[in-house]
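The values are calculated or read from the model by the stated rules, or taken from the named source; none is laboratory data. Source: prediction; values computed, not measured. When we count neighbours, we look across all protein chains shown, and the Cβ atoms used for this are built from the backbone with ideal geometry, even at glycine.
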Amino acid sequence: MTDFGSFMLSWGWGIFSLIGAVFLAAMFLVNQYLKQPGHVLVFWSRVIVVVGLSPFVAHMALPDDWRFYAAVTATVFLGTVADIRTFNVSAKYGGGVTSRLQPLIVWGSFFLWFLFDPQIIDTYIAHPYNTAGVLAALAGCV
């Protein structure tokens, strides 16, 4: 395993998550005042990500499974559309409103998943301590 892989498996993911959260909040706040179009902000944020992560990705092996690339392509499309809309909302209504409402997506996704896998309700009932932990995590994120 590479040094970067070891870093990400230990505490690196937490550091990158905090950095990402700070930059996202800053972009919402800056866009509240500058009122830039969402597509411009999404473009430049992607450029920064590509430039910043290129040195790390150069040392990683590319996946062989075509489903990885299909999932990445779908995620790029859906994520780009969602990010453009989010940045446009932050320009129109403010960064505070946007950042306060965004965690509600986590709750919506949690309950929406029951439509895809209704049997998971039985799993939650069978493991009440795990369920309490999941619900505590959901409450903490909102």
Any residue in the stretch 68-88 that is closer than 25 Å to ALA26 by Cβ, assigned to a helix (DSSP H, G or I) and among the small types (Gly, Ala, Ser)? yes
Taking the criterion of being loosely packed, with under 10 Cβ neighbours inside 10 Å and acidic (Asp, Glu), would at least one residue in the stretch 76-89 satisfy it? no
With the condition being under 30 Å from ASP83 (Cβ atoms), I'd like the helices (runs of 4 or more DSSP H) fully within the stretch 93-138 carrying at least 2 qualifying residues. 95-101, 104-116
Only one of these conditions is not met by PHE68: (1) of a type in the set (A, V, I, L, M, F, W, C); (2) at pLDDT 90 or above; (3) surrounded by 14 or more Cβ atoms within 10 Å (Cβ to Cβ). Which number is it? (3)
Flag if TYR124 is more than 21 Å from the chain's Cα centre (by Cα), more than 23 Å from ALA21 (Cα to Cα), modelled with pLDDT of 85 or more and aromatic (Phe, Trp, Tyr): yes
I'd like the full set of residues that are within 20 Å of TRP13 (Cβ to Cβ), more than 17 Å from the chain's Cα centre (by Cα) and of a type in the set (S, T, N, Q), limited to the stretch 41-95. SER54
